[in-house]
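Chemist: Have a look at this one before I ask anything.
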Amino acid sequence: MTSNDSNAAQRARFEPMVVAAGQDGRRLAALASLALRIGLRGRVYQLAIQARACAPDDVEVAADTQHLIGHSVPRWHFSMLQDAPRNAAFDAAIRRAVTPGTHVLDIGAGSGLLSMMAARAGAGRVVACEHYPVIADAARRIVAANGYDRQIRIVTGNSTELDRDADLEGHADVIVSEIVSNNLLAEGVLDTLADAAQRLLAPGGQMIPSGGDVMVALASWSGAEALRTHTVSGFNFAQFDALAQVPRTVSIGDPTLLLHSAPTALLAFDFAAPAPAEPHRGNATLVTDGGPIGGIVQWIRLRLDAEGTYENRPGPGASSHWSAHFYPFDTPLDLPVGAPVHITGVHDGHRLLLWPQDSAL
């Protein structure tokens with residue numbers, strides 16, 4: 001029996017095992033751990049909370065469930081909360097959009113930060129939806145602790161499942177979201193935001209951010225070379241590099257990441273527009289400032305509104321919870337100042353691919 005077959009068999013028996021566990025906190029904690037192993041992630045948090053309720057004084061159950069609950073929360077939520085430039089840019093845009101009585105929808109509420117910014121700015125009511133139950137529950141506690149539970153209602157689920165009248169009590173005047181990734185649009189963001197703009201946003205309403213750009217530049221990064229496999233224990237392993245994952249993730253403040261061209265927007269997206277039926281393709285010509293060029297670096301720019309943008313452009317001392325992506329060339333280019341390099345990129349709503357055109361090399 002394969003591991004997949006074994007997991008399928010355990011999933012089939014899982015709910016009867018939960019019933020048999022009754023109110024035994026340790027057995028419920030063990031089942032939460034099993035749920036994580038066999039792919040029933042939606043049951044992990046529920047069972048962990050149930051185990052804690054059944055055994056509130058059991059320190060082993062507390063430790064075990066804390067570990068399991070931690071697995072339910074993506075790590076980037078914590079660095080995102082500490083991203084002061086990002087927070088300030090969103091706060092400023094929200095203050096410009098929200099007036100007393102404004103009805104706000106927060107998509108991907110996370111810990112509730114943007115919802116509370118809207119409430120603080122004077123929103124009449126805020127509905128926030130959050131996919132992860134563990135985070136939605138935490139957001140409710142955070143909102144209440146900060147005194148905004150009368151203005152903000154947290155809904156567990158996706159925005160695509162919201163009913164405009166039953167869940168929102170009518171169209172939202174402003175939709176705020178921060179569900180973009182390092183490549184801007186992973187996990188079907190365009191479809192999610194287009195659905196919200198069409199079904200849930202009032203005519204003339206505002207999306208924050210209103211759009212975004214995939215930014216690129218020529219770059220060198222010594223860290224990419226350090227990741228290459230050359231010689232190991234006296235053996236040549238250079239061919240193993242062909243199996244490496246591309247792109248490479250790099251901190252935007254890495255001092256060894258150097259731009260060698262002016263940045264340009266390779267792909268631009270309007271978040272209120274219908275999602276394109278075909279992969280979004282763009283072309284750009286980057287003009288080098290000379291020197292060895294190891295590849296293409298990509299980051300994002302959010303167009304928050306007509307006045308404000310947020311961009312995690314790489315540079316000395318730069319910081320962001322979003323990383324940049326580095327697409328290394330097979331062989332570094334040594335080009336004179338002013339030489340053009342033609343870049344093509346395509347985004348299918350999940351993956352972003354970048355490459356230099358052969359004619360440019």
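Chemist: Considering only DSSP states other than H, G, I, E and B, which trypsin sites (Lys or Arg not before Pro) in segment 267-361 qualify as loop sites with at most 11 other Cβ atoms within 10 Å?
Modeler: R351
Chemist: If you don't mind, another one. Quick check: from the Cα gyration tensor, does segment 109-210 come out rounded (a/c under 1.5), prolate or oblate?
Modeler: Since a/c reaches 1.5 but b/c is at least a/b, the shape of segment 109-210 is classed as oblate.
Chemist: Among V104, S159, A119, flag the residue with its Cα farthest along the positive direction of the charge dipole of segment 77-179, charges on Cβ as +1 for Lys/Arg and -1 for Asp/Glu.
Modeler: About the Cα centre, the residue reaching furthest to the positive side is A119.
Chemist: Here's something else I'd like to know. Which shape class applies to the chain: rounded if a/c is under 1.5, otherwise prolate when a/b exceeds b/c and oblate if not, where a ≥ b ≥ c are the square roots of the Cα gyration tensor eigenvalues?
Modeler: oblate
Chemist: Among W299, W221, which comes first, then next, by fewest other beta-carbon atoms within 10 Å?
Modeler: Starting with the residue having the fewest Cβ neighbours, the order is W221, W299.
Chemist: Now for a separate question. Only sites in a loop by DSSP and with at most 13 other Cβ atoms within 10 Å count here; which trypsin sites (Lys or Arg not before Pro) in segment 154-233 make the cut?
Modeler: R228
Chemist: If you place +1 on the Cβ of every Lys and Arg, -1 on the Cβ of every Asp and Glu, and leave all else neutral, what size is the dipole of the chain about its Cα centre, to the nearest 20 Debye?
Modeler: With only Lys, Arg, Asp and Glu charged at Cβ, the dipole is about 600 debye.
Read the figures in this text as sums done on the coordinates, not as results from a lab. Since this is a predicted model, take the numbers as computed values, not measurements. All Cβ positions, even for glycine, are placed from backbone atoms using ideal geometry, and neighbour counts span all protein chains on display.
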